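Q: Take a look at this one; I'll ask things after.
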Amino acid sequence: MRRKMFYAVIALAAAVVLVTGCGNKSAAGGKQVTITFWDGNWNEETFPRLQQMWNEKYPDIKLVGEYQIDQGMFDKYMLSMQNGTAPDVVACALDWVTTLGNAGLLAPLDSYIAADSVDTSRYVPGAIKASTIGGKLYGLPFRSETYGLFYNVDLLRAAGYSEAPKTWDETVAAARAATKGDAAGYGVCGTNFGNFSFQYITMLRSSGGSILTPDNSKSALDSPVAIQTAELYRRLADYAPASMLENDNIANRTLFASGKVAMYMSGIYDVPEIQKANPNLNYACAMVPTANGATRKTILGGWSVAIPESSKNKDAAWKFVEFITSPEVAAIYSNTFTGTGAPAERFAGYDRSIVQPHADALQYAEALPAVGPIVGIRQAIFNNLQLALSDTETPRAAILKASDAVNKLLSEN
């Protein structure tokens with residue numbers, strides 16, 4: 001989650017690209033254009049390098065980056081696109097592309113892709129599938145990832161385990177055995193709907209279940225395996241830190257890095273932060289456990305770049321889409337894997353036992369269903385299943401309420 005030099009293009013060549021790309025003349029008829037790019041603040045420190053590379057390639061297009069905090073980020077995107085104040089290009093989580101594309105708030109990229117002969121087959125297939133709505137493509141991926149299981153080698157060894165658990169029942173048993181003194185066995189997400197819902201859905205998929213029926217028309221959260229997974233989530237909470245209801249994945253990562261949590265699920269983006277916090281931590285990663293003899297299946301997470309329909313500089317924005325999704329640039333900007341599935345440069349030199357399981361897991365990852373209310377569906381899972389963690393509802397009652405909420409969302413879409 002090291003470096004390749006990205007060859008600077010001389011000013012004359014950059015000007016030729018501006019004149020010929022996509023069959024357009026200049027993006028601003030010979031005048032400098034300014035495009036604004038929105039992304040999450042976790043990438044802000046990489047922007048100066050990205051901007052320098054961009055300036056070398058496209059000196060006639062000024063790039064401005066504006067970085068957002070995670071909380072409320074999707075809502076800000078949606079509102080800005082609805083009222084016409086959106087930037088020219090945005091970094092979107094894969095399921096955001098689905099929702100915003102379905103709402104008609106993103107510009108289709110097909111004509112640009114055809115004009116520039118972009119080979120979309122080089123990208124992770126699930127990311128392209130998630131960004132395709134009604135046969136039109138609304139985003140190109142620069143980052144892809146899925147969850148893995150992080151485990152403290154020393155804490156598990158002390159609990160009697162020489163390797164990571166392979167099933168969810170084994171995970172519960174290992175969490176129970178590793179919960180000693182001030183160490184918790186498993187880091188459960190109790191807040192942050194994005195983290196929480198990804199955790200639950202990953203457990204559900206790896207147990208043989210899904211959130212929707214095969215035709216995406218109804219909720220499948222009333223299925224026996226969905227109820228079983230809700231109960232699993234609650235069982236693991238018994239071995240979570242006392243602060244579990246306030247803990248998102250960042251809190252769990254912090255506790256893991258300090259040796260206070262034996263296991264938790266997250267993406268490879270946590271690796272550099274753990275290394276920074278505790279370089280001497282003896283830990284490794286594994287693919288997520290499974291249950292019910294199911295074939296491993298996880299969520300393909302990641303980020304694509306898209307152009308809001310309200311953008312006034314779509315041609316220039318498209319050049320940025322092509323730029324940031326190129327393998328060379330994505331390897332620098334991504335903090336996980338690129339849109340083509342290659343490790344980001346920051347992971348060169350990390351131990352194979354940490355990086356490789358995350359790379360191997362990508363083959364089992366599939367994007368969330370490409371339905372308009374997918375963000376609302378994840379919110380419904382969080383709103384209701386969180387009640388089970390606080391023992392306000394039983395896991396069964398909580399997930400059945402979530403199922404009803406999902407069916408309501410689908411019927412209104």
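The values are calculated or read from the model by the stated rules, or taken from the named source; none is laboratory data. Values in this document were obtained by computation on a predicted structure and should not be read as measured data. Cβ coordinates were reconstructed from backbone atoms using ideal geometry, including for glycine residues, and neighbour counts include every protein chain displayed.
Q: Looking at the structure I just gave you, is Tyr264 over 19 Å from Val406 (Cα atoms), crowded, with 18+ Cβ neighbours inside 10 Å and within 23 Å of the chain's Cα centre (by Cα)?
A: yes
Q: Assess whether Leu236 counts as being buried (at least 20 other Cβ atoms within 10 Å of the Cβ), not hydroxyl-bearing (Ser, Thr, Tyr) and not in a helix (DSSP H, G or I).
A: Numbers: buried (at least 20 other Cβ atoms within 10 Å of the Cβ): yes; not hydroxyl-bearing (Ser, Thr, Tyr): yes; not in a helix (DSSP H, G or I): no.
So Leu236 does not fit the description; no.
Q: So if I check each of Tyr147, Tyr186, Tyr161, which one is among the aromatic types (Phe, Trp, Tyr), over 27 Å from Ser390 (Cβ atoms) and either in the same structural domain as Ile227 (by TED's automatic domain parsing) or buried (at least 22 other Cβ atoms within 10 Å of the Cβ) (or both)?
A: Tyr161
Q: Can you pull out the residues in region 43-83 that are assigned to a helix (DSSP H, G or I) and of a type in the set (Ser, Thr, Tyr)?
A: The answer is Thr46, Tyr77, Ser80.
Q: Let me ask something additional. Criterion first (among the aliphatic types (A, V, I, L, M), surrounded by fewer than 21 Cβ atoms within 10 Å (Cβ to Cβ) and within 22 Å of the chain's Cα centre (by Cα)) does Ala277 satisfy it? Talk me through it step by step, then tell me what you get.
A: Numbers: among the aliphatic types (A, V, I, L, M): yes; surrounded by fewer than 21 Cβ atoms within 10 Å (Cβ to Cβ): yes; within 22 Å of the chain's Cα centre (by Cα): no.
So Ala277 does not fit the description; no.
Q: Report yes if Leu18 is at pLDDT below 95 and within 12 Å of Lys319 (Cα to Cα), otherwise no. Please lay out each step first, then the result.
A: Working: at pLDDT below 95: yes; within 12 Å of Lys319 (Cα to Cα): yes.
Yes.
Q: Starting from residues that are in a helix (DSSP H, G or I) and out of contact with any strand residue (DSSP E or B) (no Cβ under 8 Å at 6 or more places or on another chain), keep the ones in region 403-413 and report whichever is modelled with the lowest pLDDT.
A: Checked region 403-413; the qualifying residue modelled with the lowest pLDDT is Glu412.
Q: In this structure, is Asn192 outside the structural domain of Gln71 (by TED's automatic domain parsing) and under 26 Å from Val225 (Cβ atoms)?
A: It is true that Asn192 is outside the structural domain of Gln71 (by TED's automatic domain parsing) and under 26 Å from Val225 (Cβ atoms).
Q: For Val288, work out the one condition from (1) buried (at least 17 other Cβ atoms within 10 Å of the Cβ); (2) within 30 Å of Glu56 (Cβ to Cβ) it doesn't fulfil.
A: Unmet condition: (2).
Q: Given the conditions (1) part of a helix (DSSP H, G or I); (2) modelled with pLDDT under 95, and given that Leu368 satisfies all but one, which numbered condition is not satisfied?
A: If we test Leu368 against (1) part of a helix (DSSP H, G or I); (2) modelled with pLDDT under 95, just (1) comes out false.
Q: Quick check on region 310-323. Is at least one of its residues β-branched (Val, Ile, Thr) and part of a helix (DSSP H, G or I)?
A: Yes, region 310-323 contains a residue that is β-branched (Val, Ile, Thr) and part of a helix (DSSP H, G or I).
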